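Working notes for the structure below.
Nothing in this text is a laboratory measurement; each read-out follows from the coordinates by a stated rule. Just so it is clear, the model here is predicted, and its values are computed rather than measured. Because the Cβ atoms are built from the backbone with ideal geometry, glycine has one as well, and the counts that use them run over all protein chains shown.
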Amino acid sequence: MKIKSDNKHIAWILIIINLIFQYFLVGKYITDDAISALHPINADALEYINASEAWLKTNDFVSVFRTGWRLPGYPFLILCCYKMGSFINLSPILLVKIFQLLLSSLIPYFSYKSIFNFSSSHFAALVGGLIVCIYYPFYYYTPSVGAESLSLFLISLLFYQTSKFEKQDVSIKNLLFIAMLIAILTYLKPNHILFSIPVVILLIKKQQLFSGKVVNALSRPVMLACFVIMFMLPWMIFVTTQNKIFIPLATTSGEDMLIGTGITINKYNRDIYSLTYKFEQKHNLNADTVFMTKRDGKSLAELNSAFQKDAISIWKSRPWITTQFGFIKIAHSIGFSLRNFKDYFSLFVNIPIILILLFFKDFRKRYKNITILVSILILLCWLQSFVYFGDMRLRIVMADLAIIFTGSIFLNYLFENRNKAV
């Protein structure tokens, strides 16, 4: 089931189908309300809006972002929508949601083209494109004032650029564009810097195929890393000099690490039916509040550093329990809490792909690039769940697109093998 080029007409049809799908499922939430029935609890939205409004009113970037709590990527989008809205007399929040709707409709388009590049299969591209087209977890975020929807679009574009490694040489121009995508993703969410890892590994693999020399194999990956650092360095210098403490990206990691040990912080609400909550209650993890740093008089940067130390102290005080808790969080992120349809659906998405990657050696050998990509992304999601907290949102944004790519290519692989057997 292989053809020489993808079908551009089908790719555009997928955009239309997706727009219709989103209109009926989330269209009524495309309003000027930051908080909606679909997203009734959205503290992130309020923080993004407050940051963008403060930036708009004061025109002072330093005072708004000096703490490093939020990177400026998503507030910049809201700021642009505020300015555009003033010209066309339209709500900036509504503009944000319309913008996200239009960009998210392109996710199936880039997915279709990516799957074809990874597999050279029109069938796999069509199946994967259709699944992405109606995969509700992606479009749940379209009417949300948050970075997830925009991130998913950029990730689909990043995967499309990465899929070209299968057939094309990688020019400096391509590397610069890929680095820019990774940097923009990081300015939206700091953990997205991790996307550089699978891209660098795929670059190393590609260069080895053509050169066989270590120096040549590392030239492009090193160049990509330098480009990413070049885009991120201004922010790193800014936030570090403002706080007089080295901060790689954001001042949220310490609090997230502390949450990852089982300490409950007010802003983080746990589901009492989840595996993580049950484990916390069974082992009384919150009894370790003695390690909690007092917030009085401390800046966010100082708290971030103190929370990291608190988290490390808790790991040292009960390493076995905390390690178990880490694996419990991974199980929860996959769907093993079995609370509702969302968990069962998550298991349905994850378990087959894990089994495919573990037991189908011929598939891994034939489709190396996509299996490398999806394997690394799944492992990175697990690592973040292990250290921080098991959040399905993290996996949906970072890994589910690659999981769908792999599943659709595997279906084509099964059909091809059956036809050969016949």
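Structure notes:
- For the chain, built as a Gaussian network whose Cα springs stay under 10 Å, the top-fluctuating residue of PHE153, PHE363, PHE116: PHE363
- q = 0.17, 0.19, 0.22, 0.24 Å⁻¹, segment 338-422: log10 I(q)/I(0) [Debye, one scatterer per Cα]: -0.73, -0.87, -1.08, -1.21
- Full extension of the chain segment joining TYR23 with ILE237 gains 72.8 nm, where the gain is 0.36 nm per residue of separation less the Cα-Cα distance.
- Net +/- balance of residues flanking PHE165 in space, Cβ distance below 11 Å, scoring K and R +1, D and E -1: +4
- Listed residue (LEU203, PRO40, TRP69) projecting farthest to the positive dipole end of the chain, Cβ model: LEU203
- Ranked by the mean number of other Cβ atoms within 10 Å of their residues, highest first, the peptides 237-245, 308-316, 325-333 come out as 325-333, 308-316, 237-245.
- 3J(HN,Hα) from dihedral phi, segment 316-325, Karplus parametrisation 6.51/-1.76/1.60, rounded to Hz, x for glycine, proline: 5, 6, 9, x, 5, 5, 5, 5, 4, 4
- Computed about its Cα centre, the charge dipole of the chain is approximately 1240 debye, with only Lys, Arg, Asp and Glu carrying charge at their Cβ.
- Paramagnetic reach from ALA37 in segment 324-355 [backbone N under 17 Å; point 7 Å along Cα→Cβ]: none
- Karplus-based coupling profile of segment 331-343, in residue order and whole Hz: 4, 5, 5, 7, x, 6, 5, 6, 8, 7, 4, 4, 5, with θ = phi - 60° in 6.51 cos²θ - 1.76 cosθ + 1.60 and x standing for Gly or Pro.
- Most mobile listed residue (SER156, SER105, SER36) in the chain, GNM with C-alpha springs under 10 Å: SER36
- With R₀ set to 41 Å, the beta-carbon distance separating SER313 from LEU176 gives a calculated FRET efficiency near 0.45.
- Full-stretch length increase - LEU411, GLU53 - with 0.36 nm per residue and alpha-carbon distance subtracted: 124.1 nm
- Estimated distance in nm for a label pair at LYS298 and ASN340, the labels positioned 7 Å out from Cα along Cα-to-Cβ: 3.5
- Helix 148-163 and the long axis of the chain differ in direction by around 40°, with both axes built from C-alpha atoms.
- Here segment 306-420 is assigned +1 on the Cβ of each Lys and Arg and -1 on the Cβ of each Asp and Glu. Its dipole about the Cα centre then comes out at about 240 debye.
- Label-point separation in nm, PHE246 to TRP320, each point 7 Å along Cα→Cβ: 3.5
- For the pair LYS278 and LEU355, the difference between a 0.36 nm per residue extended length and the Cα-Cα distance amounts to 25.0 nm.
- Gyration tensor verdict on the chain (Cα atoms; rounded if a/c is under 1.5, prolate if a/b is larger than b/c, oblate otherwise): rounded
- Using the Cβ of LEU94 as centre and a radius below 14 Å, the other residues enclosed give a net charge of 0, where K and R count +1 and D and E count -1.
- GNM result for the chain, Cα springs below 10 Å: residue of LEU202, LEU106, LEU355 fluctuating most strongly: LEU355
- Computed label-point distance, nm, for sites ILE197 and VAL62 using a 7 Å Cα→Cβ extension: 3.6
- The angle between the Cα long axis of helix 43-58 and the main principal axis of the chain comes to about 70°, on a 0 to 90 degree scale.
- Charge dipole of segment 28-157 about the Cα centre (unit charges at C-beta), most positive-ward option of LEU154, SER121, ILE78: SER121
- The packing ranking, built from the mean of other Cβ atoms within 10 Å per residue, places the peptides 142-152, 340-350 in the order 142-152, 340-350, highest first.
- Tilt relative to the chain, helix 368-387 - C-alpha long axis, 0 to 90 degrees, to 10: 20
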